[in-house]
Every structure is written in structure tokens, then in C-alpha cells.
Amino acid sequence: MKLVFAGTPEVAVPALDALIASGRHEVAAVVTRPDAPSGRGRRLVASPVAQRAEEAGIEVLKPVRPREPEFLERLRQIAPDCCPVVAYGALLPRVALDVPARGWVNLHFSLLPAWRGAAPVQHAVMAGDEITGASTFLIEEGLDSGPVYGTVTEEIRPTDTSGDLLTRLAFAGSGLLAATMDGIEDGAIEAVPQPADGITLAPKITVEDAQVDWAAPALRVDRVVRGCTPAPGAWTTFRGERLKLIQVRPVPERTDLAPGALAVGKNSVHVGTGSYAVELLWVQAQGKKPMRAADWARGVRIGDEEAVGA
């Protein structure tokens, strides 16, 4: 089939690579978000998908909005059979959805209908799910509600951050998306409507959502930290300033600390929660680089009655 691939961040690159390497389909063009400011100089930088497409000599389309007449006209000129999508980042209007004969097929990083929305991997980790996966589905105008072509499953490991899990899903999902394109071309697969039961939503995680509540149980604190790593980054406050929490470890044997209370050992920093303590392993103070929590504690000289999140 002739394909137009839509995607933007690094997590979409493995799927683009898989389609380019498949040999069965022609990736005629790529649709991605416009160049965005990056780094200290805030200079405009092309998306990871745009950079990969340019390396491969593929035409790149960067509409500000995918309903722009110029973009729609170019899409019609290319006349793709199908448009695979991975984390494109913009809502596709009906006028665009109608262009490819076999529709737009999205690779979504959950087992639909669970975790429809922008942050399925983060929500799966924060909810304590043990299994997740990826799904390919035919895009409709509803939010991730279209019929499903196929799925792959992935175990969520006890120490997984959302970044760890998303990396694995990006590669597992790339094979699923390529196989889905093959099946559509061959007429070997049909999209099956999603069940009405089991729908959960995964809206974007905000900075406010990433603030740790020390009155919550230790397992919840651990899940929030892992789910918000690397973005937007879990955090608390210490001496009125924000302290980023990069890695923690539940310590079930320690139950003597009140929520938020700090206990500093020679090489450890424990914090009380609503159940038992967690150990801070890696933190990042405002304006500083990430560091081991024990080194941070030595530097700030924590007093006996000090706490985080107060």
C-alpha cells in the first residue's frame, strides 16, 4: 500500500522504521507537528519523526492544523491507501479522515478500551496495572473509540517507570503496526468494535497531578514517582522549594515515620507515608543536577524535625 505516516515524538520512530524496512509498503510522506523551540537557545528543532523521515529521503508535511487547505490538497495529491499514526499530537478532522481509502490506523499504547487518551502508559503505571500493551485501531472522530485490528501485551515490571515501559511498547508496537498494514492489504484482518465495558480514560498528566501526597500509602507514592518519570516529573517541596523525585523504594519494615517526616541515615533518606516509609534514592533540587538522595541530604543538612511536603 501507499502510506502517509503521522507521528511526532521519539516513541513514534520505531514504527516508522518498521514500515520503511518492511519492503511491502511505500511510505510516500510523513505528517508531523511543526518545528518547536528546544534547548537553552530555544531554537526551532524538527521533531524526531521529521528528522528520521528526512534522513530516509521521505517528504515531510508540517501543518499547524491538519485541516489547512494546503495540507489537505497535498494529501489528496499523494492519494495514500492508508495512514498509520503513532503519537501524532493533533486531532484529525473528518475531512482528513476521509482521504485514504482504508482510513487512518492508530497505534495506541494500551489494551483498548482501557486507558483511552493522551497518557495511557503513565496512567497504567500509576494505577498499579500488572499488564498493559498496545492496540491498532481504525480512527473515528471519538477519542480512541474505533474498532481494533490487533493487540500485543506487555508486563509492567515492579520497577518500571513510564519511560521504561513506553520504550518497550514502542518497539513491540512497531511490529504490530507493520503486521496490521500487511493484514489490511491482504484482507486477512477485520477491525472489531471495542467492548462497551472496561472503558477508562487517560488524560494528560499535569504538573499538579505529579505532586506527591505523603498521606497516601507507600505503594501509591512509588507508583506516582514511576508513572511521572521522565515527564512531567514527580515532586514535593522542601524548605519552600520544589524537589523533584526521580526514584524511590518502598521500605515495608519501617513504620515509625509520620507522613512527610524525614529520617536521614549515613547512606539513606527515608520519608514517612500513610502506610510505611519510602527511601529516596535519586532526587533533583531546584537549579541542580540529579543526585543521590543521601548526597543531597548531606548537602542541605536536614534537621531533626524537618519534613517534605509541609
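The values are calculated or read from the model by the stated rules, or taken from the named source; none is laboratory data. Quick caveat, the model's predicted, so the values are computed rather than measured. Every residue, glycine among them, receives a Cβ derived from its backbone with ideal geometry; neighbour counts consider all protein chains shown. Accessible surface areas use protein heavy atoms only, side chains included; no ligands, DNA or RNA. Shrake-Rupley method; radii C 1.70, N 1.55, O 1.52, S 1.80 Å.
Taken over the stretch 119-144, the criterion of being closer than 30 Å to VAL212 by Cα, in a loop (DSSP other than H, G, I, E, B) and at pLDDT 95 or above is satisfied by ALA119, ALA127, GLY128, ASP129, GLU130, ASP144.
Scanning the stretch 87-116 for residues that are assigned to a loop (DSSP other than H, G, I, E, B) and in contact with a Leu (Cβ under 6 Å, 6 or more places away or on another chain) turns up VAL99, GLY103, PHE109.
If I go through the stretch 112-134 residue by residue, how many of them are over 14 Å from the mean Cα position of the chain (by Cα) and under 22 Å from PRO14 (Cα atoms)?
Our first condition is that a residue be over 14 Å from the mean Cα position of the chain (by Cα); within the stretch 112-134, this holds for 112-114, 127-131.
With the extra rule that they be under 22 Å from PRO14 (Cα atoms), the set shrinks to 112, 131.
Adding up the residues that qualify gives 2.
Only a single item in (1) open to solvent by 50 Å² or more (accessible area, probe 1.4 Å); (2) in contact (Cβ under 8 Å) with a residue 12 or more places away in the chain is not met by ARG42, and it is number (2).
Just one of the listed residues (ARG67, ARG76) is assigned to a loop (DSSP other than H, G, I, E, B), open to solvent by 70 Å² or more (accessible area, probe 1.4 Å) and more than 23 Å from ALA119 (Cβ to Cβ), and it is ARG67.
Would you be able to say whether some residue in the stretch 289-300 is among the aromatic types (Phe, Trp, Tyr) and in a helix (DSSP H, G or I)?
Within the stretch 289-300, one or more residues are among the aromatic types (Phe, Trp, Tyr) and in a helix (DSSP H, G or I).
Of these, ARG254, ARG239, which one is open to solvent by 80 Å² or more (accessible area, probe 1.4 Å) and not acidic (Asp, Glu)? Quick ask: steps written out before the conclusion?
Values: ARG254 fails: open to solvent by 80 Å² or more (accessible area, probe 1.4 Å).
After applying the criteria, what remains is ARG239.
Provide a single number: the residues in the stretch 153-176 that are touching a residue at least 60 places away in the same chain (Cβ under 8 Å) and β-branched (Val, Ile, Thr). Summing the residues that are touching a residue at least 60 places away in the same chain (Cβ under 8 Å) and β-branched (Val, Ile, Thr) in the stretch 153-176 gives 3. The residues of the stretch 190-214 that are open to solvent by less than 70 Å² (accessible area, probe 1.4 Å) and of a type outside the set (Phe, Trp, Tyr), listed by number, are ALA191, GLN194, GLY198, THR200, ALA202, ILE205, THR206, VAL207, ALA210, VAL212.
Every residue in the stretch 33-80 that is at positive phi and either among the aliphatic types (A, V, I, L, M) or within 22 Å of the chain's Cα centre (by Cα) (or both), please.
Just the residues of the stretch 33-80 that are at positive phi, to begin with: 39, 42, 57, 79.
The answer is GLY39, ALA79.
The residue of the stretch 179-197 that is farthest from GLY23 (Cα to Cα), among those that are out of contact with any His (no Cβ under 7 Å at 6 or more places or on another chain) and among the aliphatic types (A, V, I, L, M), is ALA196.
Only a single item in (1) within 23 Å of VAL121 (Cβ to Cβ); (2) surrounded by 17 or more Cβ atoms within 10 Å (Cβ to Cβ) is not met by ALA293, and it is number (1).
Contact annotation: residue pairs with Cβ atoms under 8 Å, 6 or more positions apart or on different chains, pairing a residue in the stretch 255-266 that is among the β-branched types (Val, Ile, Thr) with a partner that is part of a loop (DSSP other than H, G, I, E, B), are THR255/SER275; THR255/TYR276; VAL264/ILE302. Out of the residues in the stretch 130-171 meeting the condition of being of a type in the set (Asp, Glu) and out of contact with any Ser or Thr (no Cβ under 9 Å at 6 or more places or on another chain), tell me which one is most open to solvent (accessible area, probe 1.4 Å). Ranking the candidates gives GLU130 first.
Looking at ALA28, ALA36, ALA53, which is the one that is out of contact with any Phe, Trp or Tyr (no Cβ under 6 Å at 6 or more places or on another chain) and buried (at least 21 other Cβ atoms within 10 Å of the Cβ)? Steps first, answer last, please.
Details: ALA28 fails: buried (at least 21 other Cβ atoms within 10 Å of the Cβ); ALA36 fails: buried (at least 21 other Cβ atoms within 10 Å of the Cβ).
Sole residue among the options that is out of contact with any Phe, Trp or Tyr (no Cβ under 6 Å at 6 or more places or on another chain) and buried (at least 21 other Cβ atoms within 10 Å of the Cβ): ALA53.
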